[in-house]
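See below for the structure under consideration.
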Amino acid sequence: MPYDEGIPPHGDLAEPPEELDRLARAVIGAAIEVHRRLGPGLPEEAYEGGMAVELTERAIPFERQKRIKIVYKGVVVAIGRIDLLIAGKLVVEIKSCEALIPLHRMQSLSYMRLINQPLGLLINFNVLVLKQGIRRVIASAPLDS
């Protein structure tokens with residue numbers, strides 16, 4: 001479907017800003033390099049550590065295990081941790097599992113909503129070809145409501 005007539009692609013899902021999309025592509029490139037060197041079958045921490053090295057080498061700003069407040073009715077009820085927060089705006093959740101499940105996507109969406117950002121990456125390194133383990137997660141509802 002063309003993007004004319006004001007209808008965003010993917011139904012009601014608006015594409016993220018180009019800057020954020022470029023950042024996501026750069027992170028995917030880093031993830032491909034980590035997977036190429038480490039291969040599948042390792043614990044998540046190994047891939048997170050590899051990503052930290054690769055992102056640093058590529059001068060991509062990130063925070064590892066970024067702590068975020070989870071607020072319920074105005075009260076902080078817990079602290080969540082985003083595996084990697086890229087440039088303060090791109091949520092990256094790292095997995096090393098047999099298959100991604102809907103709950104993994106929901107976790108990414110929850111973190112995205114908590115920091116009010118429209119795009120996340122869910123990366124499962126436990127695959128033969130990393131392309132099969134990468135999912136872009138786009139928020140489907142306004143994030144500030």
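Restricting attention to the chain, the count of lysine pairs at 8 or more positions apart or across chains with alpha carbons under 24 Å apart stands at 6.
Would you compute, from DSSP H runs of 4+ residues alone, the mean residue ellipticity of the chain at 222 nm, taking -39500 (n - 2.57) per run and dividing by the full residue count, rounded to the nearest 500? Walk me through the numbers before you get to the answer.
Numbers: 3 runs with 48 residues, N = 145.
Calculated from helices alone, the mean residue ellipticity at 222 nm is -11000 deg cm²/dmol.
Neighbours of Leu103 by Cβ distance under 12 Å: Lys/Arg scored +1, Asp/Glu scored -1, total +1. The slack between Arg25 and Ile79, meaning 0.36 nm per residue of separation minus the straight C-alpha distance, is 16.6 nm. Relative protection proxy for 118-130, 74-86, 25-37, from highest mean packing down: 118-130, 25-37, 74-86 (other beta-carbon atoms within 10 angstrom). Summary value for the chain: 22 percent relative contact order, contacts being C-alpha pairs under 8 angstrom separated by 6+ residues. Once the convex hull of all Cα atoms in the chain is built, its volume per residue stands at 124 Å³.
Read-outs: derived from the displayed coordinates by stated rules, not from any lab. Model, not experiment: these values are computed from the prediction. Positions of Cβ are generated from backbone atoms using ideal geometry, with glycine treated the same way; all protein chains shown enter the neighbour counts.
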